[in-house]
Amino acid sequence: MKLLEERIRKDGIVKPGNVLKVDSFLNHQMDVNLFNEMGKEFKRLFSDCPVNKILTIEASGIGIACIVAQHFNVPVVFAKKTQSINLDGEIYISNIESFTHKRSYDVIVSKKYITRDDHILIIDDFLANGCAVQGLIELIQSAGATVEGVGIAIEKGQQPGGTMLRSQGIRVESLAVIDGMNDETGEIRFR
């Protein structure tokens, strides 16, 4: 998606450790008009799928997932990173290792929001090592639901997540795929 690539080139900041900072438009301050264009593109890419729910993970994927859900006219479920008193009843739990935060944590979804009748599209902001998406797939499989695919705003193509998921037969559609970054020059190369 050229629009997203142009925005990454304009406003993205390459940091040491293979980190791309896009918080000015994607995951801290959110450009809703850009999200709307991304939602249209995900709807086009997955128009052949009987999606009836969008699943994401707290917190950065929620904004994008909500806009995508508007285009599909379906609800969004997000996996919570902490148990709260408001989360009652039976739950699905999966352990995820975060590339960004360099730690592991459990994510939780109430069993009443994912059932075996669901056809779920996973939406997230980044795909690096694939641990977050793999954890969400495990939640979906625990429910006996169907994974229709994975929609990613920015995939770090030089990291193993996309290859690993595709090798498992998971359909992954990324709007921007980065082949490499240079934290000294700020250069970002796209596929």
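Taking GluC sites (Glu not before Pro) as exposed when DSSP calls them loop and at most 16 other C-beta atoms lie within 10 angstrom, the chain has its longest site-free stretch at 91-183.
Once both labels are positioned 7 Å from their Cα atoms along Cα-to-Cβ, the gap between His28 and Arg191 label points is 2.8 nm. Label separation (Asp106 vs Lys81): 1.7 nm, computed from points 7 Å beyond Cα along the C-beta direction. By the compact-protein rule of thumb, 2.2 N^0.38 Å, the alpha-carbon radius of gyration of the chain corresponds to a ratio of 0.99. Note on Asp48 and Asn36: the model spin-label points, each 7 Å out from Cα along the C-beta direction, lie 2.9 nm apart.
Annotation: amide H of Phe190 within the under-5 Å range of Asp179, sequence separation 5 or more or interchain, hydrogens built in the peptide plane.
Using the beta-carbon distance between Glu90 and Thr146 and R0 = 22 Å, what value does 1/(1 + (r/R0)^6) give for FRET efficiency, to the nearest 0.05?
According to the calculation, E is roughly 0.65.
Beyond 22 Å between alpha-carbons counts as too far, so tell me which of Lys15/Lys43; Lys15/Lys81; Lys80/Lys112 fall in that bin. Pairs exceeding 22 Å: Lys15/Lys43; Lys15/Lys81. Between Asp11 and Arg171, the FRET efficiency from the beta-carbon distance, with R0 = 30 Å, is close to 0.55.
Taken together, the values in this text are just the output of simple stated rules run on the coordinates, not laboratory data. It should be emphasised that the depicted structure is a prediction, and the values quoted were computed from it without experimental measurement. Neighbour counts are summed over all protein chains in view; Cβ atoms, including those assigned to glycine, are modelled from backbone coordinates with ideal geometry.
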